[in-house]
Amino acid sequence: MSNHLRAFAKKVLLPVFCLATLIYAFNVSAFSFGALSKGLPMMGDMLLEMTPPNFTFWRRYLSLMWETIVIGVWGTFLGTLISLPIGFLAATNTSPSKWIYAFFKSLVTLTRSIPELVYALILVAAVGIGNLPGIIAIMIHTVGLASKFFSEAIENVDRKPVEAVSSTGSLFIHVIRHSILPQLTTLFSGYTLFILDHNIRVTVAVGIVGAGGIGLELFRRMRQFQYDQVAAMIIIIFLVVLVIDRISAYVRQETIKGTFLSRQNRRWDWPILGGLFVLLGVSLPNVFGQLGGLLRGLPVIAEIILNMIPPDFSETPKYLGLMVETLGMAIAGTVLAVLASIVIGILAARNIMRFRLVTWAMSGVTTFLRAMPDILFALFFVVAVGLGPFAGVVALMLSSIGFLGKFYAEAIENIDPRVVEAIDATGAHPLQRIGHAVVPQVLPLFNNYNLYVLDRNVRASTVLGIVGAGGIGFELTISMRMYNWPQAIAIILLIFAVILAVDYLSTYLRKKIV
Amino acid sequence: MRPMIRFENIQKRFGNELVLKGVNLTINEGEFVAVIGASGGGKTTLIRTVNGFVVPSAGNVYVNEQRVDYANLGNLRQLRKNVGMIYQLFNLVERTSAMHNVLTGTLGSKDKALDIILSAIGYFSKSDRKKAMEILDFVGLKDKAGARVDMISGGQKQRVAIARALMQDPTVLLADEPIANLDPKTSQRILDLLHKVNQERNITVVTVIHHFHMVKDYFSRVIAMKDGQVAFDGDPLLLEKQEALESIYGGQFEEELAVAA
Ligand SMILES: Nc1ncnc2c1ncn2[C@@H]1O[C@H](COP(=O)(O)OP(=O)(O)OP(=O)(O)O)[C@@H](O)[C@H]1O
Ligand SMILES: [Mg+2]
């Protein structure tokens with residue numbers, strides 16, 4: 001009986017529940033094909049105005065792009081530096097005590113579960129528009145990511161070489177030097193490069209809310225409807241992100257192989273490393289020059305923090321309503337992206353799609369969508385389809401397609417062809433081949449990626465409101481503009497709680513999928 | 001005696017390399033045949049011409065006295081339904097149950113559009129399930145029906161693969177080194193099972209096999225492939241002489257003996 005009940009719950013109740021959630025999500029996020037079709041002519045106009053891109057001020061854009069890179073690199077550099085000790089303190093096997101472990105672990109979780117745009121907004125309010133809030137926001141964001149990566153890597157250190165070195169009777173410091181560090185340096189540098197890569201995009205996004213670099217200029221030109229200039233900046237951002245992406249992928253690959261800086265690589269590796277140090281060196285005076293601003297800002301930050309206590313939860317029902325809208329945006333955006341990405345993933349998979357032109361075009365589209373921060377898409381769609389959650393849904397959908405389209409294609413390309421042959425050998429029809437050889441192989445991977453993207457979209461959806469694309473973010477900017485800090489912190493805490501909950505839920509579900 | 005598989009002057013060219021150089025062979029209904037030979041001799045290529053995964057460059061293959069038409073997808077499906085195949089690495093659909101894997105053996109028998117669609121999305125009839133359970137019982141895995149195939153042993157995986165093939169009600173069962181990844185004891189059990197399939201179900205079995213010392217115990221006919229040609233066809237007892245084996249395996253003979261020892 002209870003078995004039947006369970007089967008009933010799984011076969012009937014669960015799908016009904018999912019469907020209901022979905023319909024509700026589309027409903028609260030105001031998704032409508034009507035609005036979309038009304039927005040299409042507007043988007044067409046915008047695209048027309050973007051062509052040809054206006055590169056008149058290319059020198060200025062390049063120097064702003066340089067600023068963005070400086071912010072990204074410095075933020076990543078400082079964040080990684082801080083994360084090194086925190087990584088050891090927040091790892092079960094190297095933390096000196098249970099309490100220290102618990103403290104740093106929670107600190108890392110807290111840091112990671114507040115969107116970087118929130119830090120940027122607060123910092124811009126404290127020290128004014130400029131590069132400094134950008135660097136600090138990126139730094140804090142990096143600490144959240146890198147400390148988690150680092151501590152997990154430390155926890156996963158392979159014990160065997162450690163025991164081998166220990167058994168020779170060497171000192172503890174030698175054990176670390178000869179068995180732990182060699183394992184970690186590759187992983188750490190891999191993570192750091194990965195974060196740097198990701199941070200360049202994040203820097204463009206925090207720029208949009210005032211934290212310096214090309215993002216700020218992009219926002220201004222959008223506001224002035226100078227779409228031809230916007231197009232020029234987007235092209236520059238895209239190309240720079242692509243180049244940095246290539247370099248970082250190259251360095252990551254060489255560090256994994258252990259051939260970075262080796263003799264045969266001399267021609268490229270030293271210039272890359274040297275370039276990084278030159279960048280840090282050249283921009284050092286600029287960054288130091290801003291320290292004054294930071295010192296002057298410290299009292300303001302302290303004041304803001306003091307003003308935040310106690311948080312004002314009087315408007316909670318309203319916030320909860322907005323939070324539902326926010327989650328609805330995230331779900332609707334993710335589901336639309338999943339549907340579109342199935343098509344794009346198949347078209348981009350080289351083992352299925354034989355026309356190279358098609359796979360090439362598809363991977364071009366996904367690369368572009370990945371290179372652009374979602375808040376930029378939000379800006380566009382606020383203009384095209386109007387203020388409100390619908391713009392947010394479309395923005396989330398586009399940036400998610402960038403990830404899912406690529407991941408799906410890779411999953412399809414990595415199908416085991418032997419299983420496909422074995423199913424063909426039974427005399428299966430092509431449809432049956434898809435159902436029994438392809439889908440079972442890719443589905444667990446797809447679901448894993450879907451959860452990852454949903455998680456990411458929940459984070460993103462809480463801040464898209466900053467540019468008017470729906471959800472709770474709008475309320476957050478309003479309360480900050482009015483210096484109503486008790487309300488702002490109440491909203492931030494709510495965002496934190498929701499992101500944390502979704503994070504746990506998706507980790508739990510991901511474990512179930514394997 | 002009816003011919004079940006007939007190779008008529010089969011040639012296969014990969015690029016510039018002639019991998020099969022005119023193979024002529026007849027395998028009769030109900031036979032239990034081993035194919036041996038040094039690596040690269042063309043064993044895999046030869047048996048894959050039977051179910052159309054390799055298309056000969058010249059010559060014809062006849063299965064059950066019908067010429068294999070490699071260009072016709074419908075015919076090919078029908079042919080593959082009648083010819084089961086098992087592999088060295090089992091090639092099961094991982095992360096799904098033994099039962100699901102066995103049920104995929106029925107896919108080739110669906111020819112109405114609705115049946116194809118229903119089976120493609122994983123719907124199988126009660127009678128299919130009942131039959132799958134019987135076959136799992138036949139291969140000795142009744143109690144593993146619900147187990148995920150990535151959680152069972154190599155020998156059990158090969159049994160599931162055999163069950164999948166039997167589900168097709170095949171007239172021929174092809175096997176490409178089915179025991180190469182198994183320990184000696186498990187290998188024997190799998191060969192016993194293949195023999196039982198051959199005897200009790202009157203299925204013609206053709207298996208590529210590397211372990212010559214096992215060939216003698218199980219097979220009364222062995223075909224040796226060397227450089228794309230049939231180098232020997234007959235009773236393995238006639239191969240006992242060292243020179244004969246050496247001429248088949250060439251330089252790899254020492255290795256073969258080492259395995260046997
Ligand atoms: N798809 C292919 N493309 C190109 N060459 C191939 C292909 N399949 C097989 N060959 C070549 O054909 C020759 C025979 O290969 P085949 O796999 O039939 O040998 P085999 O006797 O089964 O060897 P093994 O014992 O190693 O499995 C080899 O030289 C191989 O490299
Ligand atoms: Mg072979």
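The values are calculated or read from the model by the stated rules, or taken from the named source; none is laboratory data. All figures in this text were calculated on a predicted structure; none of them were measured in a lab. Quick reminder, even Gly has a Cβ in these numbers, built from the backbone with ideal geometry, and neighbours come from all protein chains shown. Surface accessibility is based on the protein's heavy atoms, side chains included, excluding ligands, DNA and RNA. Shrake-Rupley method; radii C 1.70, N 1.55, O 1.52, S 1.80 Å.
Exactly one condition in (1) farther than 30 Å from residue B:172 by Cα; (2) among the β-branched types (Val, Ile, Thr); (3) open to solvent by less than 40 Å² (accessible area, probe 1.4 Å) is not met by residue A:438; state its number.
If we test residue A:438 against (1) farther than 30 Å from residue B:172 by Cα; (2) among the β-branched types (Val, Ile, Thr); (3) open to solvent by less than 40 Å² (accessible area, probe 1.4 Å), just (1) comes out false.
Quick check on region B:42-53. Is at least one of its residues within 11 Å of ligand 1 (Cβ to nearest atom) and among the aliphatic types (A, V, I, L, M)?
Yes, because at least one residue in region B:42-53 is within 11 Å of ligand 1 (Cβ to nearest atom) and among the aliphatic types (A, V, I, L, M).
How about region B:1-20: which of its residues are basic (Lys, Arg) and not in a loop (DSSP other than H, G, I, E, B)?
B:6, B:12, B:13
Considering only region B:174-190, state which residues are surrounded by fewer than 24 Cβ atoms within 10 Å (Cβ to Cβ) and either within 11 Å of another protein chain (Cβ to nearest Cβ) or in contact (Cβ under 8 Å) with a residue 40 or more places away in the chain (or both).
B:176, B:177, B:180, B:181
Of everything in region B:21-45, what is within 13 Å of ligand 2 (Cβ to nearest atom) and part of a strand (DSSP E or B)? Give them in sequence order.
Listed by number, the residues that qualify are B:35, B:36.
Yes or no, residue by residue, for (1) touching a helix residue (DSSP H, G or I) at 6+ places or on another chain (Cβ under 8 Å); (2) open to solvent by 40 Å² or more (accessible area, probe 1.4 Å):
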site	(1), (2)
A:383	yes, yes
A:390	yes, no
A:395	yes, no
A:407	yes, yes
A:418	no, yes
A:421	no, no
A:427	yes, no
A:433	yes, yes
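Can you tell me which residues in region B:82-102 are in a helix (DSSP H, G or I) and either at pLDDT below 95 or buried (at least 24 other Cβ atoms within 10 Å of the Cβ) (or both)?
B:98, B:101, B:102 - these are the residues of region B:82-102 that are in a helix (DSSP H, G or I) and either at pLDDT below 95 or buried (at least 24 other Cβ atoms within 10 Å of the Cβ) (or both).
Condition check: out of contact with any Pro (no Cβ under 8 Å at 6 or more places or on another chain), open to solvent by less than 10 Å² (accessible area, probe 1.4 Å) and in a helix (DSSP H, G or I). Does residue A:453 satisfy that?
yes
Quick one: how many residues across region B:11-54 are hydrophobic (A, V, I, L, M, F, W, C) and over 26 Å from residue B:202 (Cβ atoms)?
6
Every residue, every condition in (1) within 14 Å of chain B (Cβ to nearest Cβ); (2) more than 25 Å from residue A:321 (Cα to Cα), yes or no:
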| site | (1), (2) |
| --- | --- |
| A:369 | no, yes |
| A:386 | no, no |
| A:395 | no, no |
| A:426 | yes, yes |
| A:430 | yes, yes |
| A:438 | yes, yes |
| A:459 | no, no |
| A:468 | no, no |
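Report yes if residue A:232 is modelled with pLDDT under 90 and either within 17 Å of residue A:373 (Cα to Cα) or open to solvent by less than 20 Å² (accessible area, probe 1.4 Å) (or both), otherwise no.
In short, no.
I need every pair where a residue in region A:321-332 that is closer than 12 Å to residue A:393 by Cβ has its Cβ under 6 Å from the Cβ of a residue that is of a type in the set (Ser, Thr, Tyr), sequence separation at least 6 or different chains.
As it stands, the answer is A:326/A:461; A:326/A:462; A:328/A:29; A:329/A:29; A:329/A:461; A:330/A:461; A:332/A:29, since those pairs meet every condition given.
When the residues of region A:303-314 are filtered to those that are open to solvent by less than 50 Å² (accessible area, probe 1.4 Å) and in a helix (DSSP H, G or I), which remaining residue is farthest from residue A:443 (Cα to Cα)?
A:304
For region B:191-226: of the residues being within 16 Å of ligand 2 (Cβ to nearest atom) and in a helix (DSSP H, G or I), which is nearest to the other protein chains (Cβ to nearest Cβ)?
My answer is B:215.
Consider only pairs whose beta carbons are under 9 Å apart and that are at least six residues apart or on different chains; among these, list those whose first residue lies in region B:40-60 and is in contact (Cβ under 8 Å) with a residue 12 or more places away in the chain and whose second residue is near ligand 1 (Cβ under 6 Å from one of its atoms) and of a type in the set (Ser, Thr, Tyr).
Hits for this filter: B:54/B:44; B:54/B:45.
With the requirement that a residue be within 14 Å of chain A (Cβ to nearest Cβ), part of a helix (DSSP H, G or I) and either within 16 Å of ligand 2 (Cβ to nearest atom) or open to solvent by less than 20 Å² (accessible area, probe 1.4 Å) (or both), what does region B:46-80 give you?
B:47, B:48, B:76
Being assigned to a helix (DSSP H, G or I), open to solvent by less than 20 Å² (accessible area, probe 1.4 Å) and under 30 Å from residue A:217 (Cα atoms) narrows it down to one residue among A:135, A:140, A:122; which is it?
Step by step, each of A:135, A:140, A:122 is checked, and only A:135 is assigned to a helix (DSSP H, G or I), open to solvent by less than 20 Å² (accessible area, probe 1.4 Å) and under 30 Å from residue A:217 (Cα atoms).
Is one or more of the residues making up region B:104-112 more than 7 Å from chain A (Cβ to nearest Cβ), free of Cβ contacts under 8 Å to residues at least 24 places away in the same chain and of a type in the set (Ser, Thr, Tyr)?
no
Can you tell me which residue is modelled with the lowest pLDDT among those in region A:177-188 that are buried (at least 16 other Cβ atoms within 10 Å of the Cβ) and aliphatic (A, V, I, L, M)?
Once the filter is applied, the top-ranked residue is A:180.
If I ask for residues that are touching a helix residue (DSSP H, G or I) at 6+ places or on another chain (Cβ under 8 Å) and not in a helix (DSSP H, G or I), which ones from region A:315-357 would you list?
A:315, A:349, A:350, A:351, A:352, A:353
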